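To start, the structure under review is shown below, and the notes come after it.
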Amino acid sequence: MRKLLPAAATVLLAVLAVVGAALVGTAFVGTAAADGTADLDADLVTVTEGGTAVFGVETDGIDEFSIVVGDESTSGYELHATVTPDDDGVTSLVFDHAATDGDGASLTAEGDAAVSVESETDLDDPIAPGSYDVEVAVDDEGTADAGSLMVEPASSDDGSDSGDDGSDSGDDGSTDGSSDSTVVTGSDVEAADVVVEPAETDVTVPVDLADGESVTLRIRSAADASPAYIMTEEATVEDGEATATFDLSRTSHGDRATLTVRGNDELDGESEHDVLVVDESIGVQEGGSGGDDAEGGSADDGDSGDDGTDTSVPGFGVVVGALALCAAALAAGRRPE
């Protein structure tokens, strides 16, 4: 009997090893399933009225994902669909603007992928020009990635933007200082949560999270901005603030946008901040609305404000001051005590 014990122990150890390997293998399989991803190829997709646009979605380790286009409570349109991705890991979804009136399939897939539309707002006409949120999700894990669909009006003049025979009137998003520039007043600056330059700029917002936590900062242009844009950057919280660098060189003086803080489960929902673009070379006009002196406020006009408002803005003084005021106001709102 004693001679059988070592053999029995060997068999027992072998069985335990097999069971352990099986358990480890199961754990790895579970991890792989949990790590399945779905990511949009682009943050912003543009479609012209009556045309089509393609959403590229890269997937890894998943059998299906969901996609939501729009938000009925804010834009009057919302589509929910479940997608079986293409086997090669890249799924091309085609959005047909003309079909959003219910006359046809507004979302289909190319290749081997398949789309099942679960719900869609019932409309009599195709959706109006503007910006619509796009979100993809895997299982019940929440939003995996987010972007925007920009519906642009159909051209009514054969593609000529402003009738100046191909003149460069801001097609590249740059500010040329023309008389058509939007007037920005002191009250506009005071009302904005964040004031930025039309350049590569650091944007800082208060975030009620511990240091070291990560968040996603997303800037999306207003519906009437041209060119439209959406930019997303990751940021780490430090001293109750998150800072990210955005290339806003294509924006123009007076442009408006929305900055959204998201992407952390510890946040009490998303927070949004109004963004205003101010070009130092054009300046800020005094008062609360644009008037006959709207051409003032450039750096060459000097100190023209009798009420203490500095419209000469040397060294980006007005915008830096506005940023300081906005940061202080936001911080005060975040710290009620």
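Please find, among D88, D96, the residue that is over 23 Å from E234 (Cα atoms) and open to solvent by 60 Å² or more (accessible area, probe 1.4 Å). Unique residue meeting the criteria: D88. Residues satisfying the criterion are present in segment 144-156 (criterion: in a strand (DSSP E or B), of a type outside the set (F, W, Y) and either over 28 Å from N264 (Cβ atoms) or open to solvent by 50 Å² or more (accessible area, probe 1.4 Å) (or both)). I'd like the residue in segment 201-249 that is in a strand (DSSP E or B) and charged (D, E, K, R) and, out of all such residues, is least open to solvent (accessible area, probe 1.4 Å). Selected residue: R218.
Please work out which residue is farthest from A42 (Cα to Cα), limiting yourself to segment 230-256 and to residues that are in contact with a Leu (Cβ under 7 Å, 6 or more places away or on another chain) and at pLDDT 90 or above. Restricting to residues being in contact with a Leu (Cβ under 7 Å, 6 or more places away or on another chain) and at pLDDT 90 or above, the top hit is V237.
Looking only at residues in segment 59-87 that are in a strand (DSSP E or B) and within 18 Å of the chain's Cα centre (by Cα), the one that is farthest from E118 (Cα to Cα) is G70.
Residue pairs whose Cβ atoms lie under 7 Å apart, sitting 6 or more positions apart in sequence or on different chains, and linking a residue in segment 35-46 that is under 12 Å from V134 (Cα atoms) and open to solvent by 20 Å² or more (accessible area, probe 1.4 Å) to a partner that is among the hydroxyl-bearing types (S, T, Y) and assigned to a loop (DSSP other than H, G, I, E, B), are L44/Y229. Among residues that are in contact (Cβ under 8 Å) with a residue 40 or more places away in the chain and open to solvent by 20 Å² or more (accessible area, probe 1.4 Å), D133 is included.
Looking across segment 121-139, the residues that are of a type outside the set (A, V, I, L, M, F, W, C) and in contact with a Ser or Thr (Cβ under 7 Å, 6 or more places away or on another chain) come down to P126, G130, S131, Y132, D133, E135. Beta carbons closer than 8 Å, at least 6 apart along the sequence or on distinct chains, pair a first residue in segment 244-259 that is touching a residue at least 12 places away in the same chain (Cβ under 8 Å) and among the acidic types (D, E) with a second that is surrounded by fewer than 17 Cβ atoms within 10 Å (Cβ to Cβ) and in a strand (DSSP E or B) for D247/E200.
The values are calculated or read from the model by the stated rules, or taken from the named source; none is laboratory data. Computed from a prediction, not measured in an experiment: that's the story for all the values here. Backbone-built Cβ (ideal geometry, glycine too); neighbour counts: all protein chains shown. Each accessible area value is taken on the protein alone, full model and side chains, heavy atoms only, with ligands, DNA and RNA left out. Shrake-Rupley method; radii C 1.70, N 1.55, O 1.52, S 1.80 Å.
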